[in-house]
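The values are calculated or read from the model by the stated rules, or taken from the named source; none is laboratory data. The model shown is predicted, which means the values in this text are computed figures rather than measured ones. Every residue, glycine as well, gets a Cβ built from its backbone with ideal geometry; the counts of neighbours run over all protein chains shown.
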Amino acid sequence: MDTEYYDDIIIGGGKAGKTLAPALVAGGRKTALVERSLNMIGGGCINVACIPTKTMVASAEVANTFRNSAAYGVKANAPTVDLAEVIRRKRMVVQSMREMNLHNLETALGHELIIGIARFVAPKIIEVTTAEGATRLLTAERLFINTGTRPLIPSVPGLKDAEFLTSESIMELEQLPEHLIVLGSGYIGLEFAQMFRRFGSRVTVIGQSEQVLSQQDLDIAIAVQMLLEQDGIEFLLKAKVLRVDRAGKATKLQIQVADRKVELQSSHLLIAVGRAPTTDLLHLAAAGVTTDARGFIPVNDRLETNVPGIWALGDINGGPQYTHVALDDYRIVKTNLIDGGNRSTRDRLVPSCLFIDPGLAHVGLTETEAQQQGYAIQVAKLDASAVPRAKTLSQTDGLLKAIVDTETGRILGCSLLCHEAGEVISTVQMVMQAQMPYTILRDGVLTHPTMTEGLNMLFSKL
């Protein structure tokens with residue numbers, strides 16, 4: 001078999017890979033991008049994660065607005081959720097973005113966009129089994145691995161023989177679950193829990209930790225749980241699933257909670273306990289690329305693997321699993337390899353957002369982390385109900401919290417559980433990145449009435 005030679009090969013067309021490919025081509029590099037399926041053009045974010053979930057979250061928020069319209073002086077009939085139409089809308093949004101990405105990649109790469117499954121057969125040589133069944137050998141001076149993650153399925157007796165949903169398959173349901181049990185109390189689980197509760201399902205969340213969102217401070221986690229309980233979501237925490245069985249149309253779970261055993265039954269079970277790296281098919285040993293105990297590819301602060309000339313970008317390298325992080329991975333590689341600069345992941349400030357309603361946005365350190373790192377801190381807290389804009393919207397649930405370094409006055413971290421939290425957190429992040437003191441937000445003239453104005457009030461608590 002003849003070997004085809006390239007300057008660069010990208011395996012996986014997620015956010016980092018699909019953005020890097022045109023930049024390499026523009027720089028005169030002969031580049032190939034290998035993507036496993038036309039249905040995954042653009043990566044997980046567009047096809048099975050951020051975009052489809054937030055599209056469905058928007059439908060759930062519309063249903064909730066109708067359901068509570070009388071509180072705004074608007075009388076409307078109770079909403080009827082047509083889940084098949086929700087899914088149809090989701091598919092349209094995804095398809096339009098996938099087609100846009102396909103057009104961009106085909107324009108940049110032409111026939112060097114290869115649809116197929118790649119695996120290493122030697123250092124810097126990959127074998128690709130194409131969608132047409134052909135086999136190709138490709139080699140390059142530089143390779144970039146950007147294959148992302150997939151839903152993690154835990155080892156629970158009986159689970160593999162029971163019918164269960166993942167964060168991907170649940171978005172193809174066209175009939176509403178009567179009772180949805182969500183195994184997992186992190187970001188993925190909570191977004192789907194509120195979404196399907198607002199669609200009309202009974203929802204129970206099972207979490208193994210003592211609190212939801214185990215990486216958040218306890219006060220924020222409690223506030224989130226209380227909000228979701230107001231929606232009618234039931235929680236069972238500090239719980240371990242011992243066994244899962246499927247009997248007819250029912251899924252039965254045997255659960256250990258402290259010193260007692262509980263049995264739950266539902267129509268549908270969603271597994272949302274995290275994401276696993278898609279490195280198992282790559283045969284990385286042939287390239288000499290090492291992985292950690294979970295299968296992720298360790299990298300240095302320039303995203304280089306242990307093998308010179310091979311990089312790992314996006315979720316696959318074990319960093320924060322956010323599309324905006326993958327985009328910054330692209331920027332780092334572009335700066336270092338194309339622009340002649342020097343950029344790394346050191347001191348990278350990464351925000352996050354949980355798309356429940358109201359949303360939870362966070363950047364920097366939590367109070368617990370700041371204490372563990374030895375900072376002398378001040379903590380500011382403000383109920384969302386104190387913000388005038390929240391009152392006008394009848395969106396008064398939530399909590400705003402900021403952590404400030406006592407010595408420098410700089411903001412170490414901030415958590416916002418409030419309406420438009422994902423938008424407001426960017427203002428805090430910019431102040432943190434500029435290393436300005438919290439007084440910039442305390443004393444700044446911020447538009448009234450907006451949710452951002454709440455930052456005036458929050459930092460005035462210090």
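Tell me yes or no: at least one residue of the stretch 76-95 is in the same structural domain as residue 28 (by TED's automatic domain parsing), surrounded by fewer than 13 Cβ atoms within 10 Å (Cβ to Cβ), under 24 Å from the mean Cα position of the chain (by Cα) and not hydroxyl-bearing (Ser, Thr, Tyr). Don't jump to the end; show me each part of the working.
Within the stretch 76-95, the subset in the same structural domain as residue 28 (by TED's automatic domain parsing) is 76-95.
Now restrict to residues that are surrounded by fewer than 13 Cβ atoms within 10 Å (Cβ to Cβ): 76-78, 80, 84-85, 88, 92.
Within this subset, residues satisfying the condition of being under 24 Å from the mean Cα position of the chain (by Cα) are 88, 92.
When the remaining residues are screened for being not hydroxyl-bearing (Ser, Thr, Tyr), the result is 88, 92.
The answer is yes; a qualifying residue exists.
Among the numbered criteria (1) in contact with a Lys or Arg (Cβ under 6 Å, 6 or more places away or on another chain); (2) outside the structural domain of residue 37 (by TED's automatic domain parsing); (3) acidic (Asp, Glu), which one does residue 127 miss?
The number of the failed condition is (2).
Those residues that are part of a loop (DSSP other than H, G, I, E, B) and either free of Cβ contacts under 8 Å to residues at least 24 places away in the same chain or charged (D, E, K, R) (or both), I need them from the stretch 264-294; list them, please.
280, 290, 291, 292, 293, 294
Could you please tell me which pairs satisfy a Cβ distance under 7 Å, a separation of 6+ or placement on different chains, a first residue in the stretch 315-333 that is touching a residue at least 60 places away in the same chain (Cβ under 8 Å), and a second residue that is buried (at least 24 other Cβ atoms within 10 Å of the Cβ) and of a type in the set (Ser, Thr, Tyr)?
Filtered contacts from the stretch 315-333: 316/147.
Here's the yes/no breakdown for (1) out of contact with any His (no Cβ under 8 Å at 6 or more places or on another chain); (2) of a type outside the set (A, V, I, L, M); (3) over 30 Å from residue 170 (Cα atoms):
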position	(1), (2), (3)
12	yes, yes, no
24	yes, no, yes
55	yes, yes, no
63	yes, no, no
67	yes, yes, no
100	yes, no, no
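Given the stretch 343-462, what strands (runs of 3 or more DSSP E) lie entirely inside it while holding 3 or more residues that are in contact with a helix residue (DSSP H, G or I) (Cβ under 7 Å, 6 or more places away or on another chain)? Lay out the reasoning, then the answer.
Details: elements: 352-354, 359-364, 377-383, 399-405, 411-418.
So the answer is 359-364, 377-383, 399-405, 411-418.
Of these, 162, 221, which one is in contact with a strand residue (DSSP E or B) (Cβ under 6 Å, 6 or more places away or on another chain) and either modelled with pLDDT of 95 or more or closer than 26 Å to residue 263 by Cβ (or both)? Write out each step before concluding.
Numbers: 221 fails: in contact with a strand residue (DSSP E or B) (Cβ under 6 Å, 6 or more places away or on another chain).
The match here is 162.
Cβ-Cβ below 8 Å, separation at least six or inter-chain, first residue in the stretch 430-444 and loosely packed, with under 14 Cβ neighbours inside 10 Å, second in a helix (DSSP H, G or I): which pairs?
443/456
Matching residues to (1) part of a helix (DSSP H, G or I); (2) closer than 30 Å to residue 197 by Cα; (3) among the polar types (S, T, N, Q):
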residue: 296; (1), (2), (3): no, no, no
residue: 300; (1), (2), (3): no, no, yes
residue: 306; (1), (2), (3): no, no, yes
residue: 315; (1), (2), (3): yes, yes, no
residue: 328; (1), (2), (3): yes, no, no
residue: 339; (1), (2), (3): no, no, no
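Kindly establish whether residue 116 is modelled with pLDDT of 95 or more, buried (at least 16 other Cβ atoms within 10 Å of the Cβ) and in a strand (DSSP E or B). Even if it seems obvious, please write down each step before you answer.
Details: modelled with pLDDT of 95 or more: yes; buried (at least 16 other Cβ atoms within 10 Å of the Cβ): yes; in a strand (DSSP E or B): yes.
Here the answer is yes, as residue 116 does meet what is asked.
Go through the stretch 38-83 and count every residue that is assigned to a helix (DSSP H, G or I) and closer than 30 Å to residue 106 by Cα. Reasoning before the result, please.
So the first thing to find is which residues in the stretch 38-83 are assigned to a helix (DSSP H, G or I), and the list is 38-40, 44-48, 50-67, 69-72, 83.
Going one step further and asking which of them are closer than 30 Å to residue 106 by Cα, we end up with 38-40, 44-48, 50-56.
Going through the stretch 38-83 one residue at a time, the tally reaches 15.
For the stretch 447-461, check the following and say yes or no: at least one residue is under 30 Å from residue 74 (Cβ atoms), in contact with a Leu (Cβ under 7 Å, 6 or more places away or on another chain) and either of a type in the set (A, V, I, L, M, F, W, C) or free of Cβ contacts under 8 Å to residues at least 24 places away in the same chain (or both). Can you show your working first?
Let us first name the residues in the stretch 447-461 that are under 30 Å from residue 74 (Cβ atoms), namely 447-454, 457.
Among the residues that remain, those that are also in contact with a Leu (Cβ under 7 Å, 6 or more places away or on another chain) are: 452-454, 457.
Those left that are additionally either of a type in the set (A, V, I, L, M, F, W, C) or free of Cβ contacts under 8 Å to residues at least 24 places away in the same chain (or both): 457.
For the stretch 447-461, residues under 30 Å from residue 74 (Cβ atoms), in contact with a Leu (Cβ under 7 Å, 6 or more places away or on another chain) and either of a type in the set (A, V, I, L, M, F, W, C) or free of Cβ contacts under 8 Å to residues at least 24 places away in the same chain (or both): present.
Looking at the stretch 190-217 only, could you name the residues that are within 26 Å of residue 258 (Cα to Cα) and either assigned by TED's automatic domain parsing to the domain that holds residue 368 or of a type in the set (Asp, Glu) (or both)?
Residues satisfying the conditions are 210, 217.
Determine whether residue 301 is touching a residue at least 40 places away in the same chain (Cβ under 8 Å), farther than 21 Å from residue 117 by Cα, buried (at least 21 other Cβ atoms within 10 Å of the Cβ) and out of contact with any strand residue (DSSP E or B) (no Cβ under 6 Å at 6 or more places or on another chain).
Working: touching a residue at least 40 places away in the same chain (Cβ under 8 Å): yes; farther than 21 Å from residue 117 by Cα: yes; buried (at least 21 other Cβ atoms within 10 Å of the Cβ): no; out of contact with any strand residue (DSSP E or B) (no Cβ under 6 Å at 6 or more places or on another chain): yes.
Spelling it out, it is not the case that residue 301 is touching a residue at least 40 places away in the same chain (Cβ under 8 Å), farther than 21 Å from residue 117 by Cα, buried (at least 21 other Cβ atoms within 10 Å of the Cβ) and out of contact with any strand residue (DSSP E or B) (no Cβ under 6 Å at 6 or more places or on another chain).
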